[in-house]
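Below you'll find the structure, written out as structure tokens, and then a few comments.
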Amino acid sequence: MILLVEDEAITRNAFADALRSEGQEVIEAADGIQALSLFGKSHVDLVITDLLMPKLNGFLLVAQIRATRPRMPILLISGYFSQDAGRIISSGSAEFMQKPVDPPDLIAAVQRLLH
């Protein structure tokens, strides 16, 4: 199951639809707080998250996920790249895709991370 975390509803729906069309099971969260709740209640195999979100951003979400599931595959998706994002990626904690993301590229990354 994929946990998709994106505060922009249009983007979240587009990504979820693309993944579901490829047979993936997707649960959706609009922010990091909602994502942590779903993460704790579901068997998640992959987290896809935006970086800049209200309530709990993607950086803190990744840190909290890593605290409980250090090997969880995580894909960061953002139009914003910072030193913090670079540190997360270079540490091997997550992969990164720059927005805008084409659905075929997203699907290819998901297939790679799940296998």
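The values are calculated or read from the model by the stated rules, or taken from the named source; none is laboratory data. Only a predicted model underlies this, so the values are computations on that prediction, with no experimental measurement involved. With ideal geometry, Cβ positions are generated from the backbone for all residues, glycine too; neighbour counts draw on all protein chains shown. These area figures cover heavy atoms from the full protein model, side chains too; ligands, DNA and RNA do not enter into them. Shrake-Rupley method; radii C 1.70, N 1.55, O 1.52, S 1.80 Å.
Divide by every residue of the chain the summed helix terms, -39500 (n - 2.57) for each DSSP H run of at least 4, and state the resulting mean residue ellipticity at 222 nm, rounded to the nearest 500 deg cm²/dmol.
Values: 5 runs with 54 residues, N = 115.
Using -39500 (n - 2.57) per qualifying helix, the result is -14000 deg cm²/dmol.
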(request) For the range 24-70, restrict the atom set to alpha-carbon positions and state the Rg and Dmax in Å. (result) 9.9, 27
(request) Give the accessible area for I27 in Å² (nearest 10); use a 1.4 Å probe, count only protein heavy atoms, and leave out ligands, DNA and RNA. (result) 40 Å²
(message) Give me the one-decimal nm value for the distance between modelled label points at A14 and A108, 7 Å along each residue's Cα-to-Cβ direction.
(response) 1.8 nm
(request) Report Rg (one decimal) and Dmax (nearest whole number) for the chain, counting Cα atoms only, units Å. (result) 12.6, 35
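For the chain, what is the accessible area per residue in Å², given a 1.4 Å probe and the full set of protein chains?
Details: 5910 Å² over 115 residues.
The answer is 51 Å² per residue.
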